[in-house]
1. Which value, in Å² and to the nearest 10, is the accessible area of Leu183 when all protein chains are kept and the probe is 1.4 Å?
2. Output wanted: per-residue J couplings in Hz (rounded whole) for segment 150-167, from phi through Karplus 6.51 cos²θ - 1.76 cosθ + 1.60, θ = phi - 60°, x for Gly and Pro.
3. Might you work out the accessible area of Ser16 for me, using a 1.4 Å probe with all protein chains in place, and round it to the nearest 10 Å²?
4. Would you please put 84-94, 42-52 in order of how densely packed they are, using the mean number of other Cβ atoms within 10 angstrom per residue and starting with the highest?
5. Report the one residue of Pro205, Ser102, Pro124 whose Cα lies farthest in the direction of the positive end of the charge dipole of the chain (charges on C-beta: Lys and Arg +1, Asp and Glu -1; origin at the Cα centre).
6. Suppose every Lys and Arg Cβ carries +1 and every Asp and Glu Cβ carries -1, with no other charges. What dipole size does the chain come out with about its Cα centre, to the nearest 20 debye?
7. Let me know the charge dipole size of segment 158-205 about its Cα centre in debye, to the nearest 20, where only the beta-carbon of Lys, Arg (+1) and Asp, Glu (-1) is charged.
8. Can you tally the net charge around Arg50? Count Lys and Arg as +1, Asp and Glu as -1, for every other residue whose Cβ sits under 11 Å from the Cβ of Arg50.
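The values are calculated or read from the model by the stated rules, or taken from the named source; none is laboratory data. Owing to the predicted nature of the structure, the values given are computational and were not obtained by experimental measurement. Counting neighbours? That spans all protein chains shown, and the Cβs are built from the backbone with ideal geometry, glycine included. Surface areas here come from the heavy atoms of the whole protein model, side chains and all, with no ligands, DNA or RNA. Shrake-Rupley method; radii C 1.70, N 1.55, O 1.52, S 1.80 Å.
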Amino acid sequence: SDRRPEDGYQGEEGGSAEGASGLSWVVDPLDGTINFLFGIPQWCVSVAVRDDGGTVAGAVYDPNRDELFTAAREGRPLLTGPGGTVELAGSGRTDLPRAMVSTGLAYDASVREAQARVLMRLVPRVRDIRRFGSAALDLCWTAAGRYDAYFERSVKQWDVAAGVLICERAGLQALELEEYENLPWGVLVAGPALAEPLLELVGGP
């Protein structure tokens, strides 16, 4: 509010405000709140800025590992950490049976039940599943090649705005998961060779 008083704002904590500049900040000050409360070191801060064309720039900071993931609409996606700065490029893996897939589950039990049916289809077709609890970090770890793909429903824009841009700049494909009964809207991110086969497995009820 001090540095960009004309910009808009949308966040998980603190509501939203319209701006006059054409830019709006999308902020999640603590993505992975339950992990934080339980002392599980998988949570982060996610900040993105958007205009009418989408996300302009995004940053996700993981204080537990001192890792900062950044990207802009034009430019290289970067990971800056204790070992220096590297460019992100995904895992490059193309075969579904060897794919490590990250996901998340909703708080609502009826949604989790529907998600369980989707996971039953997916588990026999991939190498394994991981579920850690921070959507923003899951996206960034996919961009870094620690996962081969990520999908999750019931996410909000402050969860994914920065991370999706970082993944796209790393050469990954971001697809929307359409809403179905007991399955809210969501996102899927993977390399081009994996995105469509995964969408066939997890895109429906």
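1. It works out to around 0 Å².
2. Calculated HN-Hα couplings, in order: 9, 8, 6, 9, 6, 7, 10, 4, 5, 6, 10, 4, 6, x, 5, 4, 4, 5 Hz.
3. 90 Å²
4. Most protected by this proxy first, the peptides run 42-52, 84-94.
5. My answer, from the dipole projection, is Pro124.
6. The dipole magnitude comes to about 800 debye.
7. 260 debye
8. It works out to a net charge of -2.
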